[in-house]
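Each remark here refers to the structure printed beneath this line.
Read the figures in this text as sums done on the coordinates, not as results from a lab. Because the structure is predicted, anything quoted here is derived from the model rather than measured. With ideal geometry, Cβ positions are generated from the backbone for all residues, glycine too; neighbour counts draw on all protein chains shown.
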Amino acid sequence: MTVPITLVLGDITAQHADAVVNAANSSLLGGGGVDGAIHRRGGPEILADCRRLRASHWGKGLPTGQAVVTTAGRLHATHVIHTVGPVWSATEDRSALLVSCHREALRVAAEVGARTVAFPAISTGVYRWPLDDAARIAVGAVREAADPALFDEVRFVLFDQAAYDAFADALAAHDG
Ligand code: ADP
């Protein structure tokens with residue numbers, strides 16, 4: 001048995017899920033793309049939680065590939081899981097860090113009992129990771145890490161058709 005992986009074309013801030021994953025940056029203080037959208041729509045409680053995490057643990061920044069959890073504020077979710085994707089490099093293989101983002105996000109989700117988790121296409125925006133490669137890595141990491149006893153659904157929320165198609169192809173290739 002495997003955890004159902006679903007694909008949605010849409011906005012991650014509109015999702016109903018136990019946990020929504022944020023493609024954060026290491027400051028945890030917000031940014032553009034998914035990060036900006038989550039803080040705008042989720043409201044100031046999320047940033048307040050992020051500031052508390054910075055003060056208690058992550059004053060030097062959350063390292064790439066790790067994940068932390070906050071409230072989801074006004075989103076239709078209980079938790080936001082913030083993870084920092086790697087910036088794409090043409091000369092260095094950073095795929096283990098992108099795998100780690102997905103594994104750590106799921107580990108933290110399981111810790112808080114989140115059974116439905118929505119991911120954006122981490123690292124494929126400002127961090128420039130090529131979509132097809134990012135989709136292959138993300139799908140593989142989730143397939144490997146998501147224990148069906150702990151999760152009911154892992155959803156990838158893709159912002160445009162190109163991202164949706166890349167994830168659909170990666171899922172088809174992985175599952176045969
Ligand atoms: P990163 O810094 O990890 O590259 P970005 O937020 O810049 O993160 O982009 C990650 C992906 O999320 C990109 O494919 C981008 O098109 C997409 N994206 C941007 N806004 C949203 C949103 N509101 N919901 C879902 N996906 C989004």
| remark: Helix 95-111: inclination vs the chain longest Cα principal axis, degrees, rounded to 10, gives 60 degrees
| note | Residues whose modelled amide H sits under 5 Å from the amide H of residue 155, counting only those 5 or more places away in sequence or on another chain, are 6, 117, 118, 119
| field | Long-range HN-HN contacts of residue 9 with modeled amide H, under 5 Å | value | 158
| request: Mind giving me the nanometre distance, one decimal, between the label points for residue 90 and residue 144, set 7 Å out from Cα along Cα→Cβ? | output: 2.7 nm
| request: Whole Å is fine, so just give me how far the alpha carbon centre of the stretch 140-155 lies from that of the stretch 33-89. | output: 21 Å
| task | Could you sort 50-56, 105-111 so that the peptide with the highest average Cβ count within 10 Å comes first and the rest follow in order? | result | 105-111, 50-56
| note | Within the set 90, 48, 145, GNM on the chain using Cα springs under 10 Å gives the largest fluctuation to 90
| query | What percent antiparallel are the DSSP beta bridges of the stretch 5-175, to the nearest 5? | reply | 20 percent
| message | Per-residue counts of other Cβ atoms within 10 Å, averaged by peptide: what ranking do you get for 73-80, 152-159, 57-64, 135-142, highest first? | response | 135-142, 152-159, 73-80, 57-64
| Angle in degrees between helix 44-56 and the longest Cα principal axis of the chain, rounded to the nearest 10 | 80 degrees
| field | Expected 222 nm ellipticity per residue - DSSP helices of 4 or more, -39500 (n - 2.57), all of the chain, to 500 | value | -13000 deg cm²/dmol
| query | In debye to the nearest 20, how big a dipole does the chain give about its Cα centre with +1 on each Lys and Arg Cβ and -1 on each Asp and Glu Cβ? | reply | 700 debye
| request: Name the residues whose placed amide hydrogens come within less than 5 Å of the amide hydrogen of residue 129, ignoring near sequence neighbours (fewer than 5 apart) on the same chain. | output: 88, 124
| How long is the chain along each principal axis, judged by its Cα atoms, biggest number first, in Å? | 45, 38, 26
| note | The ³J(HN,Hα) series, computed from each phi in the stretch 123-140 with the Karplus coefficients 6.51, -1.76 and 1.60 at θ = phi - 60°, rounded to the nearest Hz and given as x for glycine or proline, is 6, 8, x, 4, 8, 6, 5, x, 4, 4, 5, 4, 5, 4, 5, 5, 5, x
| field | For the stretch 23-39, Karplus couplings with θ = phi - 60° (6.51, -1.76, 1.60), whole Hz, Gly/Pro x | value | 7, 7, 10, 5, 5, 6, 9, x, x, x, x, 4, 4, x, 5, 5, 5
